[in-house]
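Every number here is computed from the coordinates shown, using simple stated rules; none is lab data. These numbers were taken from a predicted model, which means no experiment stands behind them. No Cβ is skipped: glycine too gets one built from the backbone with ideal geometry, and neighbour counts run over all protein chains shown.
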Amino acid sequence: MLRLQLLGSLGIALAVPLAQFANASSSVTEATTSAAAEEVSFNKKVVPILKRRCAVCHITGNEPGNMALTPNSAYDSLVNQRSVQSNLLRVNPGAPSESYIVHKLQGSQAEAGGIGDRMPYMAPPLSSKQLQLIETWISQGAQNN
Ligand code: HEC
């Protein structure tokens, strides 16, 4: 009887930390998977960045750069539109490294066959998180979502 009780409590003592370990590692896996699969909404995530950091200059499409980045015009100005500065598309759906906007935001426009300055012009760059959002949206097919 005593021996059984001892074994029983030993079992619980071992099972508790194992269960905690299993829970912890499965929640880490879930978090990683959902972050990778999470769809980036153009209207909820990308438009607010363009509105705040770009639309002050790219207003009507008649300014240098020739594209309006205001909320209602940004999608049509960017997706599948040829850049005026390079042979790339501004946004090439599925291919962030073939999208001129990504090079302009990173400052690699010259290597991509383009000209001019890093965007936003004469202002601090986007954060790496903002840049990542834009690249993820492009690699997910640059949907008007
Ligand atoms: C202060 C004004 C200003 C702001 C803010 C600005 N731009 Fe520009 N943009 C320009 C000017 C001027 C040019 C042309 C000269 C150059 O490229 O350096 C240009 C050119 C561009 C081009 C090239 C277009 C083409 O077809 O080749 C892209 C792409 C661009 N901007 C994207 C952006 C994005 C995205 C933002 C916001 C993150 C932004 N710009 C913010 C002034 C601005």
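Annotations
- Where a residue in region 44-56 is free of Cβ contacts under 8 Å to residues at least 40 places away in the same chain and its partner, wherever it lies, is of a type in the set (Gly, Ala, Ser) and near the ligand (Cβ under 10 Å from one of its atoms), with Cβ under 6 Å and at least six apart: 50/74
- Members of region 92-127 that are farther than 22 Å from residue 57 by Cα and either exposed (fewer than 15 other Cβ atoms within 10 Å of the Cβ) or among the hydrophobic types (A, V, I, L, M, F, W, C) (or both): 94, 95, 97, 111, 112, 113
- Boolean, residue 110 is of a type in the set (A, V, I, L, M), at positive phi and either touching a Ser or Thr at 6+ places or on another chain (Cβ under 7 Å) or more than 9 Å from the ligand (Cβ to nearest atom) (or both): no
- Positions within region 41-65 being more than 18 Å from the chain's Cα centre (by Cα) and more than 6 Å from the ligand (Cβ to nearest atom), in sequence order: 55, 59, 60, 61, 62, 63
- If you filter region 125-143 down to residues that are outside any helix (DSSP H, G or I) and among the aliphatic types (A, V, I, L, M), you find that the one that is nearest to residue 78 (Cα to Cα) is 142.
- Within region 89-115, being assigned to a loop (DSSP other than H, G, I, E, B) and either touching a residue at least 40 places away in the same chain (Cβ under 8 Å) or in contact with a Gly (Cβ under 7 Å, 6 or more places away or on another chain) (or both) holds for 92, 93, 94, 95, 109.
- Looking across region 50-69, the residues that are crowded, with 18+ Cβ neighbours inside 10 Å and either part of a loop (DSSP other than H, G, I, E, B) or in contact with a Lys or Arg (Cβ under 8 Å, 6 or more places away or on another chain) (or both) come down to 54, 58, 65, 67, 68, 69.
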